[in-house]
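Read the figures in this text as sums done on the coordinates, not as results from a lab. The structure displayed is predicted, hence computed values, not measured ones. Glycine also receives a Cβ, built like all others from the backbone with ideal geometry; neighbour counts cover every protein chain displayed.
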Amino acid sequence: MTDNRTRALLHWVLGGWVLLVILAAFFYAPSATGFKGESARIVFFHVPQAWVAVLAFCVNLVASVRYLRKRNPLDDVRAAAAARLGLVFSVLATVTGSIFANVMWNSFWNWDPREVSIAVLLLIYAAYFALREAIPDEERRASLSAAYAVLAFVTMPFLVFVVPRIYWSLHPDTIIGATGKLKLQMESRMLQTLLGSLVGFTGLFFWLYTLDVRLARVRLARRGREEA
Amino acid sequence: MSGVSVEFKRVGKRFGDRTVLAAVSGTLLPGQVLVVAGPNGAGKSTLLNILAGVLRPSRGEVVYRGSDGPVPRAHWFEHLGMASPDMAVYEELTALENLHLFARLRGLHRSDADLGALLEELGLGSREHSRLVGTYSSGMKQRVKLAQAVLHVPAVLLLDEPSSNLDGAGHEATAGLVARLRERAAVAVATNDPREITWADARIDLAL
Amino acid sequence: MRASTLLSEILAVLAKELTAELRSRVALNAIGLFGLTTLIAVAYQIGPYQIQEQDRPHLLSALLWIILFFAATSGLSRVFVKEEDAHTAKTLRLAARPIAVLGGKYLFNLILLLALDALIVPLYCALMGYAVRGVGGLLLVLVTGAVALAATTTIVAAIIARASGSTTLFAILSVPLVLPLLVMLIQGTRAAAASSELAAVLPALQGIVSLGGAVMIVSVYLFPAVWHD
């Protein structure tokens, strides 16, 4: 993406897309049956937020592994940028999920395994940044946080897949998990809106991520320490 | 252990915006003592840490060359002995226990007698060998530190201010040790002590 | 350095840790005291009679692991932090292979955890009136739990020792990683207490062993990058 005009065009497209998604979420998609009022509409925002939080985690992992192998400062920049966005989106996902849970079942937290997974992802991001804050030396900060990211990535599958197998049977089945896995049939317009929102949020993530990385790249280049 | 040479080309180190070591080049050859001199803060310790593989240089490279060719960084420590002010030995162990530990870690079997003899050569009487290092004076601790650096007869010896905390007798003992080892080993000494500077076959002066 | 000496190197590190610890007893005191203090506080306030019968299985298994984990975090980071504080880390770095250091220190933390279990668990069962039907199952859960918990806490200790070394940072970094393990341990303990069949703890054991194994493998890969600059 080196052409400024292409970049500007893509920005407009992204902006327009997200606007369309917002409109669709409120006016195009029909009300879902079985939900209190219009509360189901939060799904169009909540699901993509959780998806982006996980996507950011994967981007962070790839950048971390690359840093550990090649020691390129740019990979550390990428890892941190992805983690920053991951933190923001996992907070958003937890909050929107919580709001929805309160509207539907009058309690902000239900200990659904998926709720717990996204909350633990939040804790991992918070720990990642706590670690980075505690290390003044740049190279050490990069390698230690990369190591922690890899370690966290290894333990996450156990929370997401293994624990529910043991834990699931002890808890009431929820109709709609925190990631919005609807057990009801999704009407086609709702599905379109949801997919559109997923695309929009992914685009949002990559736009913000690229901005962050480009800025950090300029800083690094100015210090003359960039290894291409 | 056959000879190992250490070559460093335009090695420098930066922490953030601060340059702690300006680019420097040189070689450590078996049978030679390289003295690294310079005022405090010029980067003598930093250079030695980079040569030891404990610190990564911001620029330049360090190559260890053995009889079979270049030695990978992960294996440098096998050929290396180092003593510096920022290193300590275990205070909850006795001098002998410390040396036994370091010998075992390097895959060596050394008897109490051998290790005791090394400590005595460095001026630590046998009565002290079974006392906890935590009870030692700083001069005695320095002697144990030097002992752990040489017990495996390293091919590369890095000494950072080896006579610090030592009295005249201690300095003599250290000089004797270096004289014995320099026949086979490549030695680098970072120092401002004029007595140690006389050991030099080659010299690098670092500036601030 | 031949592969046949690796075990002897690991044992040399372990022997050093044990000798130093038995002489100073800092970590032992820390985790022992924390464990006992928490246990007594819980037993005094809650005891065997304050919990309703139907809640006992859940609460008793969860409380036990809270006490054990809390005590563990107060002492398991010492194994690396004290090396940095005492300036012996660089000496060790220059004398030993990373995997020998990791192996020796891991075994030390494992022994500490098993000692903690041996101290706290019988006392807990007695003070809280925790009747455990499957003692064999419980022992399996405790041992595999210690193996997995030691693996996670050792690599995290190595990471934070190269940062600020504070116990708070150790706790912050450990919690998200240990959570899945704790859940499985609590579930396994509950299953062991409820049934004398070893098969009852099998699902939890499988999870614990695989998590522990995964962390150990990744630690071996990550440790050199953490230990060396």
> For the range B:1-123, what D do you get in µm² per second when you plug the Kirkwood radius from alpha-carbon pairs into Stokes-Einstein at 4 °C and 1.567 mPa s?
Replying inline: 78
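Any idea what the dipole of the protein assembly as shown comes to, in debye rounded to 20, about its Cα centre with Lys/Arg Cβ at +1 and Asp/Glu Cβ at -1? Walk me through the intermediate numbers first.
Numbers: 61 positive and 49 negative charges, 307 e Å.
Approximately 1480 debye in magnitude.
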> Pick from C:ALA191, C:ALA151, C:ALA163: which is most flexible by mean-square fluctuation in a GNM of chain C where alpha carbon atoms under 10 Å apart are linked?
Replying inline: C:ALA163
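Holding the Cα-Cα limit at 30 Å, pick out from B:LYS44/C:LYS82; B:LYS9/C:LYS105; B:LYS13/C:LYS82 the pairs that are longer than that.
Details: B:LYS44/C:LYS82 27 Å; B:LYS9/C:LYS105 37 Å; B:LYS13/C:LYS82 27 Å.
The pairs that break the limit, which is 30 Å between Cα atoms, are B:LYS9/C:LYS105.
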> Once the convex hull of the C-alpha atoms of chain C is built, how many Å³ does it hold per residue, rounded to a whole number?
Replying inline: 122
>> When only alpha-carbon atoms are used, what values of Rg and Dmax, in angstrom, describe the range C:12-66?
In response: 16.8, 50
> Which percent of Cα-Cα pairs in the range C:150-229 sits in each 5 Å bin, short to long?
Replying inline: 3, 15, 21, 19, 15, 11, 8, 5, 2, 0, 0
> Per residue and in cubic angstrom, what volume does the convex hull of the Cα atoms of the range B:5-205 have?
Replying inline: 121
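Two decimals, Cα atoms only, Kirkwood Rh: what is Rg/Rh over the range B:30-101?
Rg/Rh for the range B:30-101 comes to 1.01.
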> What does the convex hull of the Cα atoms come to per residue for the range A:13-143, in Å³?
Replying inline: 117
> Once whole DSSP H runs in chain C are found, which of them have Cα atoms spread over 18 Å or more along the helix axis and a mean Kyte-Doolittle score of at least -1.0?
Replying inline: C:6-24, C:26-45, C:56-73, C:98-128, C:135-161, C:167-194, C:202-227
>> Running a GNM on chain B with Cα contacts under 10 Å, which residue among B:LEU118, B:LEU101, B:LEU159 ends up with the highest mean-square fluctuation?
In response: B:LEU101
> Say we join alpha carbon atoms closer than 10 Å with springs in a Gaussian network model of chain B; which of B:ASP112, B:ASP17, B:ASP68 then has the biggest fluctuation?
Replying inline: B:ASP17
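Sort the protein assembly as shown into rounded, prolate or oblate with this rule: let a ≥ b ≥ c be the square roots of the eigenvalues of the Cα gyration tensor; rounded if a/c is under 1.5, and if a/c is not under 1.5, prolate when a/b is larger than b/c, oblate otherwise.
On the way: a/c = 3.11, a/b = 1.48, b/c = 2.10.
In terms of gyration-tensor shape, oblate.
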>> Over the Cα atoms, compute the radius of gyration (one decimal) and Dmax (the largest Cα-Cα distance, rounded to a whole number) for the range C:129-184, in Å.
In response: 14.4, 44
> Between A:PRO113, B:TYR90, A:GLY16, whose Cα lies farthest towards the positive end of the dipole of the protein assembly as shown when Lys and Arg beta carbons carry +1 and Asp and Glu beta carbons carry -1, centred on the Cα centre?
Replying inline: A:GLY16
>> I'd like to know how the range A:4-222 sits against the 2.2 N^0.38 Å rule of thumb: what's its Cα Rg over that expected value?
In response: 1.11
> What is the magnitude of the charge dipole of chain B about its Cα centre, with +1 placed on the Cβ of each Lys and Arg, -1 on the Cβ of each Asp and Glu, and no other charges, expressed in debye to the nearest 20?
Replying inline: 660
